[in-house]
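Asks: Okay, handing you the structure first.
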Amino acid sequence: MTDPTPPASWLDLLDWRRELNDLYAHLREECPRDPLAAHCHWQARRNALFRDHPQSPLPADERATFAGLPVWAYDPALRFDAPVDTTLPPERLTVASSTGQDMPLVRIGRVNLPLPGTTGSALDVYWIDVYGGGVFVPFRDATSGHETYGGGRYLLDTAKGADLGSVRAGHLTLDFNFAYHPSCHYDPRWSCPLAPPQNVLGAAVRAGERSR
């Protein structure tokens with residue numbers, strides 16, 4: 001059976017991936033020096049990609065009037081150098097995507113984050129268990145379904161280039177100011193894995209991207 005997707009679209013997707021890889025490489029360099037400037041750069045670059053790129057998650061008829069992705073102001077208290085607890089046994093699970101397809105994951109560890117106003121919040125760290133793989137940290141919080149997408153947001157998705165790096169071995173840089181919505185938030189034709197119940201935070205994390 002012939003795939004109906006035009007070859008040019010696959011090259012557009014390749015370019016989109018390269019743009020994201022370049023963006024996050026810049027963020028890994030700039031964030032330690034000036035996280036606020038890095039955050040401004042992240043917003044500007046994502047806005048340009050959403051407005052102009054052929055692989056924008058936005059429906060085509062919304063791009064001409066697109067005024068930018070809503071984002072909360074940068075909060076330095078929500079950036080963490082998080083040690084990953086790898087003493088937990090690996091756990092395989094399958095999460096649903098926004099279109100009903102299954103996504104296989106393996107829990108590879110857990111991070112405990114001292115979120116302001118809480119006694120600590122834990123998030124499981126996953127490996128996407130398909131060809132190529134990648135580290136994946138999705139989450140939902142008390143804003144989900146109200147101020148943000150009900151299916152959750154992503155902190156890391158290294159398979160797609162969204163990787164803020166590590167300060168030291170065994171740690172991950174997790175910055176909620178760079179939390180972003182999956183593509184399915186903007187257009188249901190995209191298929192995106194949803195944050196599993198294990199990664200629901202009780203607190204409201206008002207950082208990163210908001211709903212329109």
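Asks: Taking chymotrypsin sites (Phe, Trp or Tyr not before Pro) that fall in a DSSP loop and have at most 16 other Cβ atoms within 10 Å as cut points, what is the longest piece of the chain between them? Spell out each step's value before the answer.
Replies: Details: sites that count: 66, 131, 190.
With chymotrypsin sites (Phe, Trp or Tyr not before Pro) excluded where exposed in loops, the chain gives 1-65 as its longest stretch.
Asks: Do any cysteines in the chain lack another Cys Cβ under 4.7 Å, and if so which?
Replies: 31, 40
Asks: List the trypsin sites (Lys or Arg not before Pro) in segment 141-199 that DSSP assigns to loop (not H, G, I, E or B) and whose Cβ has at most 10 other Cβ atoms within 10 Å. Which are they? Each step should come with its number before you reach the end.
Replies: Working: sites: 153, 160, 168, 189; in loops: 168, 189.
Here the sparse-neighbourhood loop sites are 168.
Asks: Counting other Cβ atoms within 10 Å of each Cβ, which trypsin sites (Lys or Arg not before Pro) in segment 19-58 have at most 14 and sit in a DSSP loop?
Replies: Of the trypsin sites (Lys or Arg not before Pro), the ones in loops of segment 19-58 whose Cβ has at most 14 other Cβ atoms within 10 Å are 33.
Asks: Calculate, for residue 36 and residue 203, the FRET efficiency according to 1/(1 + (r/R0)^6) with r their C-beta to C-beta distance and R0 30 Å; round to the nearest 0.05.
Replies: My answer for the efficiency is 0.85.
Asks: So what J values fall out for segment 158-163 if you push phi through Karplus, 6.51 cos²θ - 1.76 cosθ + 1.60 with θ = phi - 60°, rounded to Hz, Gly and Pro as x?
Replies: Ordered by residue, 3J(HN,Hα) equals 5, 4, 9, x, 7, 8 Hz.
Asks: Over every pair of different alpha-carbon atoms in segment 39-192, take the mean of 1/r and invert it; report that Kirkwood radius in Å.
Replies: Result for segment 39-192, one decimal place: 16.8 Å.
Asks: Translational diffusion coefficient of segment 103-208 at 20 °C, 1.002 mPa s, Stokes-Einstein with Kirkwood Rh over Cα pairs, in µm²/s as a whole number.
Replies: On the way: Rh = 14.1 Å.
Result for D is 152 µm²/s.
Asks: What is the local net charge at residue 35, summed over the other residues whose Cβ is closer than 15 Å to its Cβ (Lys, Arg +1; Asp, Glu -1)?
Replies: Computed value for this residue: -3.
Asks: At R0 = 41 Å, how high is the FRET efficiency between residue 62 and residue 93 if r is their beta carbon distance? Nearest 0.05 is fine.
Replies: Numbers: r = 34 Å, r/R0 = 0.84.
Rounded to the nearest 0.05, the efficiency is 0.75.
Asks: While we're here: From the residues 101, 145, 54, which one has its Cα farthest along the dipole of the chain in the positive direction, the dipole being from +1 and -1 charges on Cβ of Lys/Arg and Asp/Glu about the Cα centre?
Replies: Most positive-ward Cα: 145.
Asks: A further question on this structure: How large is the dipole of the chain about the Cα centre if only Lys and Arg carry +1 and Asp and Glu carry -1, each at its Cβ, rounded to the nearest 20 debye?
Replies: With only Lys, Arg, Asp and Glu charged at Cβ, the dipole is about 260 debye.
A short reminder: the numbers here are calculations on the coordinates, not readings from a lab. Owing to the predicted nature of the structure, the values given are computational and were not obtained by experimental measurement. All Cβ positions, even for glycine, are placed from backbone atoms using ideal geometry, and neighbour counts span all protein chains on display.
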